[in-house]
Each structure stands twice: as structure tokens, then as C-alpha cells.
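Reviewing the structure listed below.
The values are calculated or read from the model by the stated rules, or taken from the named source; none is laboratory data. Predicted, not measured: the structure shown is a model, and the values here were computed from it. Note that each Cβ is placed from the backbone with ideal geometry, even for glycine, and that neighbours are counted across all protein chains shown. Note: accessible area is taken over every heavy atom of the protein model, side chains too, but ligands, DNA and RNA are not part of it. Shrake-Rupley method; radii C 1.70, N 1.55, O 1.52, S 1.80 Å.
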Amino acid sequence: MALGATLGARRRPRLCPAEEPLFQLLVAEKSGTDKNRRFLRDFKTLADVLIQEVIKHDLGKEFPELQGHIHGEESNEFKNRQGDTVVVRVCDTPGDTAALLLSVLEPEREAAELLAAAVHQDVTLGDAELASVELSIPPQDLAIWIDPIDSTNEYIGGHEDVAPIDGITPAGLCSALVLIGAYDRQTGCPVLGIINEPFYRRDPLTHRWQGRYHWGVAYGDTQLSSLNPPPPRPTPCVVLSRAEGGPVRAALGPLCGDRLCFAAGAGYKMLCVILGLADAYVLSEGSTFTWDACAPHAILRALGGGAVALAGALQARRAGDTSPPPELVYNRPVQGAVGAKRWANQGGLVAYMHPQHLEAVLAALATVPGL
Ligand code: 2IP
Ligand code: CA
Ligand code: CA
């Protein structure tokens with residue numbers, strides 16, 4: 001089976017399997033005793049690490065050529081409450097996985113067993129669109145970035161009822177996303193992306209959470225996606241982090257009229273551009289990483305958009321270079337940096353759908369001193 005179809009059709013990295021008690025734990029509110037709160041925090045952090053391990057395990061099994069090239073944000077070392085280090089992984093049987101998880105979640109045996117059952121569950125998606133895709137990408141040319149949960153703070157906070165403003169939900173559970181991106185090992189270009197929205201909405205009848213996912217492939221001359229490119233707005237809407245500073249806001253304000261929007265989650269803000277809820281996402285600092293941007297960037301490229309390094313683009317522009325700025329790549333660590341910072345998207349980024357909006361954003365930001 002082709003890699004693209006398989007990435008989409010294999011077990012979904014959904015946080016919420018059908019089992020109601022497990023599901024309740026994952027989204028449980030912060031009510032109850034301190035002990036409960038601590039357990040929930042551990043449980044959610046464990047889910048974060050475990051999702052990455054499940055994806056790594058499944059992909060590596062299906063495509064041995066990818067083994068050693070599947071990277072993620074999380075380390076699989078997890079400290080339990082006794083201070084011991086547990087290496088979280090998918091074991092050969094649900095029983096072994098449950099036993100391993102229990103060493104973190106003790107004494108919550110039921111939670112450990114439900115989680116292990118979810119990990120070992122085989123989910124086959126009937127995605128007619130993906131099934132009809134005839135594209136073969138050699139797995140040995142690719143590598144993977146995974147962010148098992150983006151917008152962790154919102155995930156842990158668990159706020160369910162944040163009202164959208166012009167279609168963009170500024171905070172809350174719905175900005176917690178699972179991001180899986182594949183890039184070309186040689187060039188670093190993003191090739192394939194999947195964004196899973198586990199908390200997309202409540203089913204109106206059952207009141208259970210429903211997820212949805214989006215995918216895109218940009219490989220050679222092939223551009224395919226589960227979505228259609230959104231049309232450009234005459235006056236662009238730019239989405240920003242709430243942490244974005246005054247000078248950037250002031251420079252972009254006039255460009256957008258009253259349409260500066262704010263949202264949590266780097267992945268969610270890129271998704272807003274993908275879905276046409278915003279025309280661009282601007283970030284002026286290196287506070288996102290390869291695992292945040294790779295998957296949404298691949299989908300943007302599949303739809304005709306992209307993502308560029310902001311500082312580099314402004315520098316080239318100021319030096320009189322009028323060619324389109326180079327797109328972000330995912331195989332180049334930051335020289336001299338250590339830890340997660342090696343994979344920071346240094347100097348910020350602009351994600352866009354339509355090149356004229358990228359151009360307008362860069363023109364507006366070129367006036368900001370210090371950028
Ligand atoms: C975070 C997360 C944050 C985002 C930050 C990312 O990833 O997406 O929400 O900040 O840049 O690195 P902001 O919400 O201000 O855009 P994670 O949640 O995976 O740590
Ligand atoms: Ca992230
Ligand atoms: Ca994360």
C-alpha cells in the first residue's frame with residue numbers, strides 16, 4: 001500500500017477511544033480532590049507520550065524503512081509518582097502494555113487496562129477519497145515529525161465551551177491537535193501532513209466528542225488534499241499568538257482592518273489558515289518547532305500555500321531580493337543549539353495560503369524595527 005494512503009488509513013491517533021470511562025478521564029474537569037487532580041495531570045501527560053509511541057510503533061511496523069527516522073516532540077521516559085523513570089512503549093501484548101502503564105498510573109488499574117486496549121486496538125478507516133489515491137512515495141526517502149498533542153496547556157485545562165469568534169476558537173480543548181508530518185530526508189521539504197482534531201465537536205445526540213482529520217500531500221508535481229483551497233479575502237485576516245508583542249500587532253493592524261485574530265496552539269493557528277478561517281499566521285519568535293509546523297505546512301503546500309522563516313524573509317527583502325522567500329525545511333538543526341531548541345523554527349514564521357497575502361504581510365512587517 002502507498003505510504004500516503006497508509007498514514008491516513010492506519011490506526012488514528014485519536015485521544016478518545018469509544019470506552020466512556022477512559023474518555024471521561026481524558027477530558028475530566030478539574031473538580032474533585034487534589035489527589036484526583038494530580039492523577040489526571042499524570043494521566044494526560046502519559047497520554048501525550050503514549051500517542052507518540054503508538055504512532056512510532058505502528059508506522060515503524062508498517063514501513064521498516066522509516067525506523068530510526070520517526071521523530072517526535074516527546075521523550076518516552078516518564079517519571080512516575082515514586083520518582084522512578086519508566087520507558088513508555090507499546091509492548092507485544094495488551095497485558096504487557098497495561099502492566100507497564102500501571103507502573104505509572106498505580107493504583108488505577110482500570111485506566112491502565114483501558115489505555116492499553118486502546119493502544120492495541122486496530123482501527124481501519126474507510127476513507128474513500130484516500131483509497132482512490134494512486135501515489136507511491138518511497139518510505140526510504142522520508143522521515144517523520146510527530147507532535148502527539150499540540151496546545152498541551154489547552155488540553156490539560158480542558159475547557160470545552162469556548163465560543164468561536166469569526167470561526168476561530170481562541171482557546172480551549174478544540175485547539176489540542178495531533179500533528180503528523182512527513183518530510184523528504186534529503187531536501188527537508190514537507191511532503192505529507194495529517195492533522196487530527198480529536199475534540200472537534202460534541203455529537204448532538206450522544207454528546208460524545210467527535211473528531212475529524214485533514215490530510216495533504218505535496219510530492220513532486222502531485223498536490224492532493226482532503227480539503228479544497230479556500231479563496232483569498234480582499235482584506236486579509238491574520239491570526240496571532242496572544243503572546244505576540246505590540247509592534248507586530250501595530251504593524252499588521254492596518255493591513256487587516258479589524259481582522260487581527262488570536263488563538264492558542266501553533267498547529268491550530270496553521271489549521272485556521274488551511275481551513276480559510278485566517279489568511280496568514282504570523283509568529284515573530286522561535287517558539288515553534290519542526291514538529292509543530294511540518295504537518296500543517298505539508299497540507300498548506302498541497303493547497304498552494306506555504307510557510308516561510310520570517311527573519312530570513314525580511315532580511316532578504318531588505319537586501320533588495322524580490323524573489324519568493326524559501327520555504328521552511330525540517331531536516332536542519334539550529335547550529336550550536338541544544339535540546340528542543342535544535343529544532344526551533346528560529347526567527348519566527350509566516351504561514352499563508354495565497355502568495356499575495358505573504359507579500360502583504362512581509363511588506364507590513366518590514367517596517368518593524370528589530371524584526
Ligand atoms: C506549543 C503550543 C503553544 C504555542 C507554542 C507551541 O506546543 O502550540 O500553544 O504557543 O508555540 O510550541 P501559542 O499558543 O502562544 O501559539 P506544545 O503545546 O506542543 O508545547
Ligand atoms: Ca507543539
Ligand atoms: Ca506537544
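Could you please find all residues in the range 148-169 being buried (at least 23 other Cβ atoms within 10 Å of the Cβ) and either under 19 Å from residue 69 (Cα atoms) or not β-branched (Val, Ile, Thr) (or both)?
Answer for the range 148-169, where residues must be buried (at least 23 other Cβ atoms within 10 Å of the Cβ) and either under 19 Å from residue 69 (Cα atoms) or not β-branched (Val, Ile, Thr) (or both): 148, 150, 151, 154, 155.
Which condition number in (1) open to solvent by 50 Å² or more (accessible area, probe 1.4 Å); (2) under 17 Å from residue 263 (Cβ atoms); (3) of a type outside the set (A, V, I, L, M, F, W, C) is the one that residue 185 fails?
The failed condition is (2).
Could you say whether any residue in the range 221-231 is within 13 Å of ligand 1 (Cβ to nearest atom) and outside any loop (DSSP other than H, G, I, E, B)?
First, pick out the residues of the range 221-231 that are within 13 Å of ligand 1 (Cβ to nearest atom): none.
No, that holds for no residue.
Which one of 74, 65 is modelled with pLDDT of 95 or more, open to solvent by 50 Å² or more (accessible area, probe 1.4 Å) and in contact with a Pro (Cβ under 9 Å, 6 or more places away or on another chain)?
65
For (1) farther than 30 Å from residue 66 by Cα; (2) among the polar types (S, T, N, Q), each residue gets a yes or a no:
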position: 171; (1), (2): yes, no
position: 174; (1), (2): yes, no
position: 179; (1), (2): no, no
position: 184; (1), (2): no, no
position: 187; (1), (2): no, yes
position: 208; (1), (2): yes, no
position: 212; (1), (2): no, no
position: 220; (1), (2): no, no
position: 236; (1), (2): yes, no
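Looking at the range 94-114, can you tell me whether even one residue there is more than 20 Å from residue 275 (Cα to Cα) and under 22 Å from the mean Cα position of the chain (by Cα)?
Narrowing the range 94-114 to residues more than 20 Å from residue 275 (Cα to Cα): 94-114.
Now narrow it down to the ones that are under 22 Å from the mean Cα position of the chain (by Cα): none.
The answer is no; no qualifying residue exists.
Tell me which strands (runs of 3 or more DSSP E) are completely within the range 59-127 and hold 2 or more residues being within 16 Å of ligand 3 (Cβ to nearest atom), or say none if there are none.
Per the criteria, 70-72, 77-79.
When you go through 346, 356 one by one, which is the residue that is surrounded by fewer than 23 Cβ atoms within 10 Å (Cβ to Cβ) and either outside the structural domain of residue 280 (by the TED database) or within 26 Å of residue 214 (Cβ to Cβ) (or both)?
The unique qualifying residue is 356.
Output yes when any residue across the range 255-264 is outside any loop (DSSP other than H, G, I, E, B) and more than 26 Å from residue 149 (Cα to Cα), and no when none is.
There is at least one residue in the range 255-264 that is outside any loop (DSSP other than H, G, I, E, B) and more than 26 Å from residue 149 (Cα to Cα).
Starting from the range 107-132, take each residue that is in the same structural domain as residue 54 (by the TED database) and list its partners that are open to solvent by 30 Å² or more (accessible area, probe 1.4 Å) and modelled with pLDDT of 85 or more, counting only C-beta distances under 6 angstrom and pairs at least six apart or across chains.
Listed by first residue and then by second, the contacts come to 116/94; 117/94; 120/94.
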